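J.: Dropping the structure in here first, questions after.
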Amino acid sequence: MDSELTHVTREGRITMVDVGEKAVTKRVAMAEAYVHLSEKTMSLLKNQALPKGDALACARVGGILAAKDTSRLIPLCHSLNTTFVDVRFEVLDEPPRIRIESEARCNGETGVEMEAIVAAEIAAAIIYDMCKAVQRDITIDGVRLLYKNGGRSGEYRAQGFSL
């Protein structure tokens, strides 16, 4: 099987790409996700009155930890020495939802897109976990890469996203 897929051998087996010969460059990636809440749950979250405590503080730390562990979660993802990870929140009232924005940086041979995406996804799951005692029908959506820069492919910006 002759394939142009980067993670598949000629025999059709999955494989990790060898990035050992690639140049080390500064890499940056940003991602987002949304958590949709009821007005009641949003009020409790804003007032830090949820039974489990401060959902956003917990989600921030958990998202950062998840970015650092991405290579353990995504089978063909390389271990990276991240130089910066952040998870930020925007509390939106109409409709009630939390916008999560994550950012990951490193100096390396491969990008940090997966670290940024995993940080946003896990932060969203943590918000769900922190709020589920008062609302079970929370939804998570809109997970996407917003921005990446560095490496051979250069810059990518999602439509409508500006720094």
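Laboratory data are not the source of any read-out in this text; all were calculated from the coordinates shown. None of these values were measured; they are calculated from a predicted model. Cβ atoms come from the backbone with ideal geometry, glycine included; neighbour counts cover every protein chain shown.
J.: Subtracting the Cα-Cα distance from 0.36 nm times the residue separation, let me have the gained length for ALA23 to ASP141 in nm, one decimal.
T.: 39.0 nm
J.: ARG97's amide H: which non-local residues (gap 5+, or another chain) put their own amide H closer than 5 Å, with H modeled 1.01 Å from N in plane and none for Pro or chain starts?
T.: HN-HN under 5 Å from ARG97: LEU37, LEU92.
J.: So how many Lys-Lys pairs in the stretch 25-153 land under 18 Å Cα to Cα, not counting same-chain pairs under 8 apart? Numbers along the way, then the final one.
T.: Details: LYS26/LYS68; LYS26/LYS148; LYS40/LYS52; LYS40/LYS132; LYS46/LYS132; LYS52/LYS132; LYS68/LYS148.
Final tally of qualifying lysine pairs is 7.
J.: I'd like the FRET efficiency for ALA133 and TYR156, computed as 1/(1 + (r/R0)^6) with the beta carbon distance as r and R0 of 45 Å, rounded to 0.05. Provide the component values of the computation, followed by the final result.
T.: On the way: r = 39 Å, r/R0 = 0.86.
My answer for the efficiency is 0.70.
J.: Please list 3J(HN,Hα) in residue order for the stretch 26-32, calculated via the Karplus relation 6.51 cos²θ - 1.76 cosθ + 1.60 where θ = phi - 60°; whole Hz, with x for glycine and proline.
T.: Computed from phi, the couplings for the stretch 26-32 are 6, 10, 9, 9, 10, 9, 9 Hz.
J.: What is the P(r) of the stretch 25-153, as percent of Cα-Cα pairs per 10 Å bin from 0?
T.: In whole percents, the pair-distance histogram is 15, 44, 27, 13, 2.
J.: What FRET efficiency do you get for LYS40 and GLU90 if R0 is 25 Å and r is their Cβ-Cβ distance, rounded to the nearest 0.05?
T.: 0.80
J.: Still on this structure: Once you wrap a convex hull around the alpha carbon atoms of the stretch 14-91, what is its projected area averaged over all directions, in nm²? Can you show the working numbers first?
T.: On the way: hull surface 28.9 nm².
Mean projected area of the Cα convex hull: 7.2 nm².
J.: If you plug each phi of the stretch 138-152 into the Karplus form 6.51 cos²θ - 1.76 cosθ + 1.60 with θ = phi - 60°, what whole-Hz ³J(HN,Hα) values come out, in order, with x for Gly and Pro?
T.: Those phi angles translate into 5, 10, 10, 7, x, 5, 7, 6, 9, 7, 8, 8, x, x, 5 Hz.
J.: Sticking with this structure for a sec: I want to check the label-to-label distance for VAL61 and ARG13. Put each point 7 Å from Cα in the C-beta direction and report it in nm to one decimal.
T.: Computed distance between label sites VAL61 and ARG13 equals 4.2 nm.
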